[in-house]
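The structure under discussion appears below in the form of C-alpha cells.
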C-alpha cells in the first residue's frame, strides 16, 4: 500500500485543500477540549464531520462516501492520542492510496 504524508502545522485549527489520487479534498483539523477533530470534504461535500482523531485510526472509514483511500493521524513516537502541538512532527497526517 502506498502512503503520502500531508504537511500540517502545530496550530489548533487549520484547513488544507489537497488533491489525493485525483480527488479534490478539503481537510479541516480543529482542537476542542484538548481533542483533535477532523472534517473531510470531497468535491466540496462533507463526507466526515467532527471525527475525533486517534492514533492510526481511519478518519473516513466508510466506502459509501466515494472517497478512494484513507486518512489517518499517525504518531511517530508511539501511540499517544494526537494533539495539535505535535502536528507535523510528533503526529503526521497520512493518506493511504488504494
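The values are calculated or read from the model by the stated rules, or taken from the named source; none is laboratory data. Small disclaimer: the values here were computed from a predicted structure and weren't measured. Backbone-built Cβ (ideal geometry, glycine too); neighbour counts: all protein chains shown.
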Those residues of the range 87-98 which are in contact with a strand residue (DSSP E or B) (Cβ under 8 Å, 6 or more places away or on another chain) and either closer than 14 Å to residue 29 by Cβ or at pLDDT 95 or above (or both), in sequence order: 87, 90, 91, 92, 93, 94, 95, 96
Residue satisfying all of: in the range 14-59; in contact with a helix residue (DSSP H, G or I) (Cβ under 8 Å, 6 or more places away or on another chain) and over 14 Å from residue 70 (Cβ atoms); surrounded by the fewest Cβ atoms within 10 Å (Cβ to Cβ) among these: 31
Spans of strands (runs of 3 or more DSSP E) in the range 17-98 with at least 2 residues without any contact (Cβ under 8 Å) to a residue 12 or more places away in the chain: 45-52
Filtered residues of the range 1-16 (kept if more than 20 Å from residue 90 (Cβ to Cβ) and assigned to a loop (DSSP other than H, G, I, E, B)): 1, 2
Whichever residue in the range 28-67 is farther than 22 Å from residue 89 by Cα and modelled with pLDDT under 95 and, among such residues, is nearest to the chain's Cα centre (by Cα): 61
Yes/no for residue 25 being under 17 Å from residue 81 (Cα atoms) and under 11 Å from the mean Cα position of the chain (by Cα): no
